[in-house]
Amino acid sequence: MLRLAVVLLLAFMTLPTVVVVAVSFNPTAILSFPPAGLSLRWYANVLTYPQFQRAALNSVLVTGMAVALALPAGTLAALALERGRLRGRHVWAALFLSPLVVPGVAAGLGFLILAAALGLLRSRAVLVAAHVALVLPFVVRSVWVSVRNLDPALERAAASLGATPWRAFRRVTLPLLRPGLFAGLLFAVVVSLNEFVVSLFISNRVTEILPVAMFTYVVNYTDPTIAALSSLFIAATFVVVWLADRYLDLGRVFLRR
Amino acid sequence: MTTAVVELRGCTRDYGAVRAVDALDLAVHEGEFLALLGPSGCGKTTTLNLVAGFVEPTAGRVLIDGEDVTGRPPHLRGLGVVFQSYALFPHLSVRENVAFGLRERRMAAAEIERRVGDALELVRLEPAGRQRPSELSGGMQQRVALARALVYRPRVLLLDEPLAALDKKLREGMRDELRTIHRSVGITTIFVTHDQAEALGLADRIAVMNRGRIEQLGPPREIYERPATRFVADFIGASTVLRGRAVAADRVVVAGGTLHVGGRALRAGADVELAIRPERLRLVAAAGDNVLDARVEGLVYQGAQTEVTARLGDGQRVLVFVGEPAPVPLAVGQTLRLFLPGEAFMVLDDR
């Protein structure tokens, strides 16, 4: 009984994905399920459609820059939240995690108004800034867990052995934060790559990232191209998660006490 | 006069409204093994942290080799520290852990290799060099921590409850090992513990601490046999403290009986406190000098001896260790006649 329930639940969760992947191989231009045959023509269409190429490049740039900024910033924030002499630590923690509870539409509108006021609407910088804000809570939370697990005596030990604070951080703290940093990196990449609502508000044809380009495409055309692109997206995300999970598991073995 | 290796001058440390260490003076001499002994919260760990530089004094100075190091960060003090949790670096192998301090000193690779080998040999851990700390037993981790702290030949070794995390059997083995290593290296060592047996068995001198101050400082035998204060008498070993009134320079009346007390001259008419170890009391048949009657209230059989709690005529409690087999059958409610040898009394300072 229990096993059947689990199987049904899993089927319910994965069915939409299965449908999308199946439809992407449809030889005809109709989004029908089950597919009428097997074809790769929509995949060819995805890879040759110029706007998708441009958007994919934008996605890589925006996600790369946002993550590169959010990771060190989030790490410092996590260290400060755990170690710093902060008054009202809970308030600070809540503020850092707050983007998680702000509706995307509200955040998007906010960024739009700000960008317009600053005259940056055509700039990719606004997109990067928004993504930093959106992924920061995930980075802070992941790294914070690692910081909490860190025995403060380790840094004292390093100091007693002659390490300057910076050397102690480099040789002891940072390596031990690695699991949290990787988890944070993984979350940040996945969240940023899939971000749609906020990005829709603040991008244009030139700066738009892949999810926005996909939406624009669906609004104009209804053929399995979008299913093919979605399938590629799913595959890419899956590979990233799988690789990271393997690496994180290694990290755990490595840190086993 | 030789200068002390470590000296604290009037060191006070406050945490908010709490005074952890209170105007403490302490001098540790070359090659000495000094124990800071006391209950939790007595300030012993804070004192150690003041020497290590992890904590700065609110007032007072810290000197190492006569040089004022107050305000100098720990990484510039060049001391060896073994932490209660060992604080081994989990991401580094045993060898890399031990080599850490040498690398920070930018030593040549060959020299590091040689010294790490020597240090691991000292703690008998050469075969474990490639392993991670988590793969070792508690006792082995302890020895790695010791090797890591000794390898760069620090001026002073600081040990924070080094045996607390080990089980009883290992603790005894490690205690012997610490003594052996201290003897062979000859390093000045300060050692924090709440375990009196550890302090008595290891230290050259013991500083018994209470409420941020040193109650008594002296060799183990002196601390045990001549505790200066009631606190020390209570804390070190089991003891009974009796209140009485001196009637002559060497006589005290307790619970209606007269006790001849050796040692210090007493002031007639003064209220005095006398401490006596429970193993020094004996059961006797006849009444006489230094004999008091007591009613048995509790018995705890412990194999080699029985711990007897009894109450004197005036209600004061006495603890007696009676060696087994007991000379008379022991029972609760029975009256015992106790002989308290005059030379076994310790006269406490009135505080």
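The values are calculated or read from the model by the stated rules, or taken from the named source; none is laboratory data. These numbers come from a predicted model, not from an experiment. Backbone-built Cβ (ideal geometry, glycine too); neighbour counts: all protein chains shown.
Descriptive notes on the structure:
- Entry remark, segment A:27-61: residues being among the hydrophobic types (A, V, I, L, M, F, W, C), surrounded by fewer than 16 Cβ atoms within 10 Å (Cβ to Cβ) and not in a helix (DSSP H, G or I) number 6 in total.
- Conditions (1) under 21 Å from the mean Cα position of the chain (by Cα); (2) part of a helix (DSSP H, G or I); (3) assigned by TED's automatic domain parsing to the domain that holds A:V197: number failed by A:V102: (2)
- Residues of segment B:144-173 that turn out to be more than 16 Å from the chain's Cα centre (by Cα) and either surrounded by fewer than 19 Cβ atoms within 10 Å (Cβ to Cβ) or not in a strand (DSSP E or B) (or both), as a count: 19
- Selection of segment B:258-279 for residues being within 26 Å of the chain's Cα centre (by Cα) and surrounded by fewer than 17 Cβ atoms within 10 Å (Cβ to Cβ) yields B:G263, B:R264, B:E279.
- Flag if A:L118 is buried (at least 17 other Cβ atoms within 10 Å of the Cβ) and modelled with pLDDT of 85 or more: no
- Strands (runs of 3 or more DSSP E) lying entirely in segment B:15-121 (those with 3 or more residues that are within 10 Å of chain A (Cβ to nearest Cβ)): B:80-82
- The residues in segment A:1-26 that are part of a loop (DSSP other than H, G, I, E, B) and closer than 21 Å to A:F215 by Cβ can be counted, and the count is 1.
- Against the list (1) within 13 Å of the chain's Cα centre (by Cα); (2) modelled with pLDDT of 90 or more; (3) not small (G, A, S), the condition A:L154 fails is (1).
- Of all residues in segment B:199-224, those that are touching a strand residue (DSSP E or B) at 6+ places or on another chain (Cβ under 7 Å), acidic (D, E) and surrounded by fewer than 18 Cβ atoms within 10 Å (Cβ to Cβ) total 1.
- Every listed requirement among (1) within 24 Å of A:A93 (Cα to Cα); (2) within 14 Å of chain B (Cβ to nearest Cβ) is met by A:V143 save one, (2).
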